[in-house]
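Reading through the structure tokens given below for one structure.
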Amino acid sequence: MIGVAGGGDSRGRVTVRDVALTFRRADGPLHALDGVSLDVAPGEVVALIGPNGSGKSTLLRVIAGLLAPDRGGVAVDDRPVTRPDPTVGLVFQEPRLLPWRSVAGNVRYPLELAGWSHARREARLEELLALVGLEGAAGVRPSQLSGGMRQRVALARALALQPRVLLLDEPFSALDALTRERLNVELLALWSRTATTGIVVTHSIPEAIFLADRVVVLSARPGRVLADLPVGLPRPRAMSTLDEAVVSPLARAVRAHLEPVAA
Amino acid sequence: MTRVGALTALAAFAVAVVAWKAIVVVGGLPPFILPPPEMVGARLAEAVAEGTITPHLRATIVEVLLGFAAGALVALVIGYGLARSALVERVLSPYLVAAQATPILALAPLFAIWFGPGLESKVLICALIVFFPVAISTMVGVRSVDAGLLELGRSLRATRFQVLTTLEIPAALPNILGGMRVGVTLAVVGAIVGEWAGAREGLGVLVNLARGSLFDIPLMFATLVTIAALGIVLYALVVLVERRLVGVR
């Protein structure tokens, strides 16, 4: 096992308390979140699921410190989040790679910004490339990579600063179904090795069940927590778990919460 | 440039020279209207040999390089301000457009009066003419930075300076260098115009001399060829820098 997370079991608790956020737009206020509360234990993986516009991504940005809520607050390990924190890693829907940098340059980017020394940077880079299976692609430009490979680079970059919490905003939604499944399996393996707390936004019920310890269903705008359902499946999970998840009673329960609002 | 590319360019040049010669022969034009290419070539070689052209060329190069450097530098700073501050854009843009719309030909004599026939007036004209394309391309380039990358920078707690050096400059570079390509050729025009308005030396002065007191039309054409060659070389230099800095993305 590689020292990826850098934290013990007691680190990475996320507390969301009664968060409300309204965007003021030219065409009137947009109530994105209205009183969302959520507790994620250290090392736990929570899937956020909900219809379009349920504020899932907004909630993720509040947790990441990129957006300030109008009411309520977020804390990571009892420290209030007021601005972005390097101990929280973020994977966006798009890879968001710097096109003028190589794979290695992109993975190294957070380390450079944080002022790591050259020696430490290079050592960490090797660990990260090995972690996501990109050892051979260090010098390649993002434009030459497939979508799945690009998102792997983004994942390595998010893990660079050894975050206690990893936030993923529909990370594989732009990929084809097979690549997506494979990356989900890898993500799961990664989590088992890093003990990083995870919050993943998804549109897919099987994906949510497959990845998470708990599935949290958000309502349509303004977002509220409709249900908080534990996933009883043991770990490690395999590809077959994904297939079983499709027809599981839990999937039906999640769908039951989603259907009235998504219809 | 590839070998095929170089050969193509050479062939195109040969065609142009032959066409030039054909116009002279078919039109029966006397040398004081259009001297044939070989006469211009011979006059150019002679002028270089007797040292007629070199001091003027050197003077023009100095003016162009200093003017380009000064104009581009100020343009980078102002262009960044235009991109990042709505206030700066609102306050400055009318003056920038006005300065660009005023013909440089009309300003050149004024500059010659204010700053004398020396280097300063020419450098200023070059700087002024380079400024606009570089400032606008900088503004466009900095604005083109992907909002997603800026959010990434924010999530990684990048400082303003880090955002500038790791995101904004690399993203804007292709645009900026495009503006510099235009700017460097315009700088040559600026130098010649400035020299026309009053100077002791420079290729513009030589054109005037060849046309006027010397009445040496082949020399005038030789000077024009030199001016064009200077423009081509400077442009190629910018392209070279661009290849180095931007490369393959």
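Please treat every number below as a calculation from the coordinates, not as lab data. These numbers were taken from a predicted model, which means no experiment stands behind them. Cβ coordinates were reconstructed from backbone atoms using ideal geometry, including for glycine residues, and neighbour counts include every protein chain displayed.
Temperature 37 °C, viscosity 0.692 mPa s: under these conditions the Stokes-Einstein estimate for region A:150-190, based on its Kirkwood radius over C-alpha pairs, is 303 µm² per second. What the Kirkwood sum gives for the protein assembly as shown is a hydrodynamic radius of 27.6 Å, with every pair of different alpha carbons counted.
Projecting the Cα positions of B:Val17, A:Gly232, A:Leu97 onto the charge dipole of the protein assembly as shown (unit charges on Cβ atoms of Lys, Arg, Asp and Glu, taken about the Cα centre) puts A:Gly232 furthest along the positive direction. For region B:1-110, chymotrypsin sites (Phe, Trp or Tyr not before Pro) meeting the loop criterion (DSSP other than H, G, I, E, B) and having at most 15 other Cβ atoms within 10 Å: B:Phe32. Counting only DSSP beta bridges with both residues in region A:47-199, the antiparallel share comes to about 20 percent. Restricting the chymotrypsin sites (Phe, Trp or Tyr not before Pro) of region B:194-249 to loop positions (DSSP other than H, G, I, E, B) with no more than 16 neighbouring Cβ atoms within 10 Å leaves B:Phe215. Compute the Cα gyration tensor for region A:48-123, then decide on rounded, prolate or oblate, letting a ≥ b ≥ c be the square roots of its eigenvalues: rounded whenever a/c is under 1.5, prolate when a/b is larger than b/c in the other cases, and oblate in all that remain. Here region A:48-123 falls in the oblate category.
Each DSSP beta bridge with both residues in the protein assembly as shown is either parallel or antiparallel, and the antiparallel ones are about 55%. Here chain B is treated with +1 on each Lys and Arg Cβ and -1 on each Asp and Glu Cβ, and its dipole about the Cα centre works out to around 700 debye. Normalising by residue count, region A:117-186 has a Cα convex hull of 102 Å³ per residue.
With a cut-off of at most 13 other beta carbons within 10 Å, and DSSP calling the residue loop, which trypsin sites (Lys or Arg not before Pro) in region B:153-240 qualify? Please list them. Those satisfying the criteria are B:Arg200.
With contacts taken as Cα pairs under 8 Å at a separation of at least 6 residues, region B:1-150 carries a relative contact order of 29 percent.
When each pair of different Cα atoms in region B:55-152 is counted once in the 1/r mean, what is the Kirkwood radius in angstroms, to one decimal? So the Kirkwood estimate lands at 14.7 Å. Entry note: region A:1-132 has Rg to Rh equal to 1.02, where both radii use alpha-carbon atoms and Rh is the Kirkwood radius.
An ellipsoid equivalent to region B:1-134, defined through the eigenvalues of its Cα gyration tensor, has semi-axes of 39, 22, 16 Å when rounded to whole angstrom and sorted largest first. The angle separating the long axis of helix B:119-143 from the principal Cα axis of greatest extent in chain B is about 40 degrees. Among B:Ile33, B:Ile192, B:Ile53, the order by Cβ neighbours within 10 angstrom, fewest to most, reads B:Ile33, B:Ile53, B:Ile192.
Legend: ranking of residues A:Asp213, A:Asp169, A:Asp18 from fewest to most surrounding C-beta atoms inside 10 Å; resulting order A:Asp18, A:Asp213, A:Asp169.
Overall, the protein assembly as shown carries a charge dipole of about 320 debye about its Cα centre when +1 sits on the Cβ of Lys and Arg and -1 on the Cβ of Asp and Glu, all other atoms neutral. Within region B:122-249, the proportion of Cα pairs with more than 20 Å between them is 57 percent. Size of region A:6-69: Rg and Dmax of its alpha carbons, in Å, are 13.7, 47. Taking the fewest neighbouring Cβ atoms within 10 Å as the starting point, the ordered list for B:Met180, B:Met39 is B:Met39, B:Met180.
Measuring spread by the Cα atoms of chain A yields a radius of gyration and Dmax of 18.1, 55 Å. Charge dipole of region B:1-137 (Cα centre as origin; +1 on each Lys and Arg Cβ, -1 on each Asp and Glu Cβ, all else neutral): 300 debye, rounded to the nearest 20. In sequence order, region B:187-197 has phi-based couplings of 4, 5, 4, x, 5, 5, 4, x, 5, 4, 6 Hz under the Karplus curve 6.51 cos²θ - 1.76 cosθ + 1.60, θ = phi - 60°, and Gly or Pro positions carry x. Assuming 1.002 mPa s and 20 °C, estimate D for chain B with Stokes-Einstein, Rh taken as the Kirkwood radius over Cα pairs, in µm²/s. Approximately 105 µm²/s, per Stokes-Einstein.
Taking a ≥ b ≥ c as the square roots of the eigenvalues of the alpha-carbon gyration tensor, region A:82-122 is classed oblate because a/c is 1.5 or more while a/b is no larger than b/c.
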